[in-house]
Amino acid sequence: MSQITAYRSLSWWLGSAGEDLAPRSPLPGDADVDVAIAGAGFTGLWTAYYLAQADPGLRIAVCEREIAGFGASGRNGGWCSALFPASLAKLERMAGRRAAVAMYRAMQDTVDEVGRVAAAEGIDCHWAKGGTLQLARSPAQLERARDEVAAARAYGFGPGDLRLLSAAQTAERVQASGVLGATYTPHCAAIHPARLARGLAALLRRRGVAVYERTPVTEIGPRRLRTPHGTVRAQYVIRATEGYTPRLPGLHRALAPVYSLMIATEPLPPAAWDEIGLAGRPTFGDYRHLIIYGQRTADGRLAFGGRGAPYHFGSAVRPEFDRSPAVFAALRRSLGELFPALGEVTVTHAWGGPLGVPRDWCASAGLDRATGLGWAGGYVGDGVATTNLAGRTLADLVLERDSEITRLPWVGHRSPPWEAEPLRWLGANAGLQAMSWADRQEARTGHPSRLAQFAGRFLGG
Ligand SMILES: Cc1cc2nc3c(=O)[nH]c(=O)nc-3n(C[C@H](O)[C@H](O)[C@H](O)COP(=O)(O)OP(=O)(O)OC[C@H]3O[C@@H](n4cnc5c(N)ncnc54)[C@H](O)[C@@H]3O)c2cc1C
């Protein structure tokens, strides 16, 4: 398989991004810049974007091991959502009630900011702000839906942010099996993530930002990035390597790479969409513990994913982990159960990738002024919009601008390291297994399972 074909087959998104994905030039040798960034996923690209916007004279170099959008940013479910991996209650414990609410409001604004930039810069990422429908398909799931709405209300979020739908109201929006109700939030857009990532990288190059591809960073240190092609010296160095971070020296326990896998169907005929619904392209999932997520793509496919692949010993990240026939088959079964109208529809694509999970499930962004080292990540499965907030935040920190977003509670937060192996492997996989058992138990009994609480200790924050 040629290199380009290999990149195109990483996800349906990368294969349909409308580009040949030929790698651009690597770093030509030692370089001196103002800001050096490791990783050209959304975090690295948004950071470079806002820095270049604020000061077009800044010298910025992004070093990417493969190609822009190679990681989770080119492979995800395309939910550009206001979801943040730490709950309001947890943020309140960390930083107080006002800070928790400010974080969630900032996430809501961020969804619109992504849409605004894409439109302003002419990046056609198939943006459709149709919100999210989270279905409740058992009494236990309905209880969680109600609890979520009650928690939102307790923090001052009204029906315009999240509301409960009856089974009949849900059926007006989507025809799925076993639905007892749902929640609806307007704060989410369905996007084609690879078109956004590739569009941003192309835009940056036009603005004079150096985006070097096939340039692995072997070490990140104060004021420098080392690569086999040379060293980049910079006043500020930003780590934007998410699920791949544990491979870097000294960062082995910073984040655990957990795999999420996806499938995409062939385009469905209009009659099938008439039956299923999802007009306006709301993203959808349900209240099971082991997350599932889906979107109706702009060209009429169902792109559908979920967790469930195991965590790999030693935080290993390898191409073969992107694919698991057993998980793909389980996703196809789940999709068929959700939408019986699908019948024998063909799954044309299947892929996956690592996301970055911090030990306390709280994403963070920050900059240590003494060393010039900055970072953002630990988004778990909620990075599509959060990376934009990270990029704006890092740009403000680098430019020493005291702004509302630099005062948000995730800024400067340090997650504790993961346990050493084999504890990490045992705990993470026991947690994943417990979630899966809890879902099966709830599907059988309808009642909330206590196994989920056990899972939460290790994999639920
Ligand atoms: C299957 C899947 C579905 C998901 N669905 C959603 C969703 O629907 N909504 C949502 O909000 N989030 C979702 N996520 C999470 C989201 O995609 C990520 O949080 C987000 O893309 C992270 O962006 P990033 O730039 O930080 O990391 P990445 O996109 O992973 O980028 C990191 C980049 O750094 C490069 N890199 C790593 N190490 C080095 C090195 N040493 N030297 C140079 N380059 C390096 C990698 O090649 C990669 O390109 C999903 C993730 C996956 C895997």
Work out the FRET efficiency for ARG207 and HIS447 from their Cβ-Cβ distance, taking R0 = 45 Å, and round it to the nearest 0.05. 0.20
In Å², nearest 10: area of ARG59 left accessible to a 1.4 Å probe: 120
With R₀ set to 51 angstrom, the calculated FRET efficiency between the beta-carbons of ARG318 and ARG105, to the nearest 0.05, is 0.85
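Tally Lys and Arg at +1 and Asp and Glu at -1 over the other residues with C-beta under 9 Å from the C-beta of PRO267: what net charge comes out? Walk me through the numbers on the way to the answer.
On the way: positive: ARG301; negative: GLU266, ASP299.
Overall, the nearby charge balance is -1.
Of TYR259, TYR155, which has the most accessible area and how do the rest follow, probe 1.4 Å? The partial results should precede the final answer.
Working: TYR259 0, TYR155 35 Å².
Final ranking, largest accessible area leading: TYR155, TYR259.
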So how tilted is helix 193-206 from the main axis of the chain? Cα-based, degrees 0 to 90, rounded to 10. 20
Go through SER138, SER177 and list them by solvent-accessible area, largest first, probe radius 1.4 Å. SER177, SER138
Going out from 0 in 10 Å bins, what whole percent of all Cα-Cα distances in the range 90-193 drops into each bin? 14, 36, 32, 17, 1
Once both axes come from the Cα atoms, what is the angle between helix 383-398 and the longest principal axis of the chain, in degrees from 0 to 90, rounded to 10? 30
As I understand it, the value is the acute angle between the Cα axis of helix 97-120 and the longest principal axis of the Cα atoms of the chain; what does it come to in degrees, rounded to 10? 80
Candidates per trypsin sites (Lys or Arg not before Pro) in the range 162-266, loop by DSSP, up to 15 other Cβ within 10 Å: ARG207, ARG223
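Please give me, ordered by residue number, the GluC sites (Glu not before Pro) of the range 387-434 that lie in loop per DSSP and have at most 14 other Cβ atoms within 10 Å. Don't skip to the end; give the middle numbers.
Working: sites: GLU400, GLU404, GLU419; in loops: GLU400, GLU404, GLU419.
Passing sites in the range 387-434 are GLU400, GLU404.
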With every protein chain kept in place and ligands, DNA and RNA left out, what is the accessible area per residue of the range 1-124? Probe 1.4 Å, answer in Å². 38
Mean 1/r over distinct Cα pairs of the range 281-433, inverted to a Kirkwood Rh in Å, yields 18.2
Under 13 Å from the 7 Å Cα→Cβ point of THR348, by amide nitrogen: which residues of the range 299-325? 299-303
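Calculate, for SER9 and GLU400, the FRET efficiency according to 1/(1 + (r/R0)^6) with r their C-beta to C-beta distance and R0 56 Å; round to the nearest 0.05. Working shown, then result.
Numbers: r = 43 Å, r/R0 = 0.77.
Calculated transfer efficiency: 0.80.
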Of all the accessible heavy-atom surface of the chain, with the other protein chains kept in place and a 1.4 Å probe, what percent is carbon and sulfur? 54
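From largest accessible area down, sort HIS252, HIS187; use a 1.4 Å probe on the protein chains. Kindly include the intermediate steps, with their values, before the conclusion.
On the way: HIS252 85, HIS187 30 Å².
So the residues, ranked largest to smallest area, are HIS252, HIS187.
Ignoring ligands, DNA and RNA, what accessible area per residue does the range 187-291 give at 1.4 Å, in Å²?
Numbers: 3610 Å² over 105 residues.
Per residue, the range 187-291 has 34 Å² of solvent-accessible surface.
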If the only charges are +1 at each Lys and Arg Cβ and -1 at each Asp and Glu Cβ, what is the size of the charge dipole of the range 116-238 around the Cα centre, to the nearest 20 debye? 660
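Using Cα pairs closer than 8 Å and at least 6 residues apart in sequence, work out the relative contact order for the range 14-94, in percent. If you can, show how the numbers build up before the last one.
Details: 62 pairs, mean separation 26.8, N = 81.
In percent, rounded to a whole number, it is 33.
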What is the distance, in nm, between label points placed 7 Å from the Cα along the Cα-to-Cβ direction at ALA89 and at ALA154? 0.6
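Express the relative contact order of the chain as a whole percentage, based on alpha carbon pairs under 8 Å and six or more residues apart in sequence. The partial results should precede the final answer.
Details: 1042 pairs, mean separation 102.4, N = 461.
Relative CO of the chain lands at 22 percent.
The values are calculated or read from the model by the stated rules, or taken from the named source; none is laboratory data. Note that the structure is predicted; figures quoted are calculated from it, not measured. FYI the Cβ positions are ideal-geometry reconstructions off the backbone, even for glycines, and counts take in every protein chain you see. The area values use the complete protein model at the heavy-atom level, side chains included, leaving out ligands, DNA and RNA. Shrake-Rupley method; radii C 1.70, N 1.55, O 1.52, S 1.80 Å.
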